[in-house]
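Down below is the structure, laid out as structure tokens.
The values are calculated or read from the model by the stated rules, or taken from the named source; none is laboratory data. Quick caveat: nothing in here was measured; it's all calculated off a predicted structure. Glycine gets a Cβ as well: all are built from the backbone with ideal geometry, and neighbour counts include every protein chain shown. Please note that ligands, DNA and RNA were not included when accessible areas were found on the heavy atoms of the full protein model with its side chains. Shrake-Rupley method; radii C 1.70, N 1.55, O 1.52, S 1.80 Å.
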Amino acid sequence: MELLKEKIAQNGIVLSNSVLKVDSFLNHQIDPLLMLEIGKEFVNRFADKGITKILTLESSGIAPSVMAGLQMNVPVIFARKRKSMTLIDDLLTSTVRSFTKNETNEISISNKYITENDCVLIIDDFLANGQAAIGLIDLVNQAKAQIAGIGIVIEKAFQDGGQLLRDKGYPVESLARIASLEEGNVSFVTESIT
Ligand code: 5GP
């Protein structure tokens, strides 16, 4: 997605060889028009998959997911990382090792919102080693729902997550794929995935 790649090239800050900061449009301040276009792109890429729900992880997956949900006309559920006083229904729970925070989080959703009749699109902001996506897949599996695919805003293709998920047979669509962050430069993958 060219608009996203331009935004990353202009505003992304390379913190290390493996971490990209995009606080100015995705992870802290949010660019709503860009999110709208990201939502449209997810709709294009997952058209005709019979999606009934979108599942993401708080907090940075919420903005792109809501824009996709708005245009697909389906509800968006975000898994919570902390126990909430109001999230007291029967919970589906998994654990996720956070790539950026170096901590393990329990993630949960109420079993009310995803059921065996659902076909779920999983969306997240970044794909690194795939742990967040694996945790979300686990929640969908516990709900006995189907997985339509995984939509990622920014995939760091030099890390293992994309391969791991594709090898498991999940359709993964990433709107920008980064080949390298070495020497402070963002370079994108140019070829498409076969
Ligand atoms: P994974 O679980 O695939 O290893 O990492 C994905 C999760 O870690 C995403 O939900 C995202 O929040 C965070 N993450 C991974 N790499 C980066 C990065 O380079 N920059 C930012 N801002 N977040 C990242």
Qualifying positions in segment 69-84 - within 16 Å of the ligand (Cβ to nearest atom) and either touching a Pro at 6+ places or on another chain (Cβ under 8 Å) or open to solvent by less than 80 Å² (accessible area, probe 1.4 Å) (or both):
V76, I77, F78, A79, R80, K81
Taking segment 12-24 only, how many residues are more than 8 Å from the ligand (Cβ to nearest atom) and touching a Leu at 6+ places or on another chain (Cβ under 6 Å)?
3
What are the pairs, 6+ residues apart or on separate chains, where a residue within segment 1-24 that is under 14 Å from T100 (Cβ atoms) has its Cβ under 6 Å from a residue that is basic (K, R)?
I13/K21; L15/K21
If I ask for residues that are farther than 18 Å from F25 by Cβ and part of a helix (DSSP H, G or I), which ones from segment 35-84 would you list?
V43, N44, R45, G69, L70, Q71, M72
Checking L4, L57 in turn, the sole residue that is open to solvent by less than 30 Å² (accessible area, probe 1.4 Å) and within 29 Å of Q142 (Cα to Cα) turns out to be L57
Within segment 157-177, the residues that are touching a Leu at 6+ places or on another chain (Cβ under 7 Å) and not hydroxyl-bearing (S, T, Y) are G161, G162, V172, L175, A176
Take S180 and tell me if it is of a type in the set (S, T, Y), surrounded by 14 or more Cβ atoms within 10 Å (Cβ to Cβ), within 21 Å of L15 (Cα to Cα) and touching a strand residue (DSSP E or B) at 6+ places or on another chain (Cβ under 7 Å).
yes
Output the qualifying pairs, or none if there are none: Cβ atoms under 7 angstrom, residues six or more apart or on different chains, first residue in segment 157-171 and open to solvent by 60 Å² or more (accessible area, probe 1.4 Å), second residue hydrophobic (A, V, I, L, M, F, W, C) and more than 11 Å from the ligand (Cβ to nearest atom).
F158/A179
Mind checking which residues of segment 85-105 are open to solvent by 50 Å² or more (accessible area, probe 1.4 Å) and within 26 Å of V22 (Cβ to Cβ)?
T95, R97, F99, T100, K101, N102, E103, T104
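Using the structure shown, decide if D48 is modelled with pLDDT under 95, within 21 Å of G151 (Cβ to Cβ), surrounded by fewer than 20 Cβ atoms within 10 Å (Cβ to Cβ) and away from the ligand (no atom under 16 Å from the Cβ). Show your work before the answer.
Working: modelled with pLDDT under 95: yes; within 21 Å of G151 (Cβ to Cβ): yes; surrounded by fewer than 20 Cβ atoms within 10 Å (Cβ to Cβ): yes; away from the ligand (no atom under 16 Å from the Cβ): yes.
For D48, the condition - modelled with pLDDT under 95, within 21 Å of G151 (Cβ to Cβ), surrounded by fewer than 20 Cβ atoms within 10 Å (Cβ to Cβ) and away from the ligand (no atom under 16 Å from the Cβ) - is met.
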So which residues in segment 127-153 are surrounded by fewer than 24 Cβ atoms within 10 Å (Cβ to Cβ) and assigned to a strand (DSSP E or B), if there are any at all?
Q146, I147, A148, G149
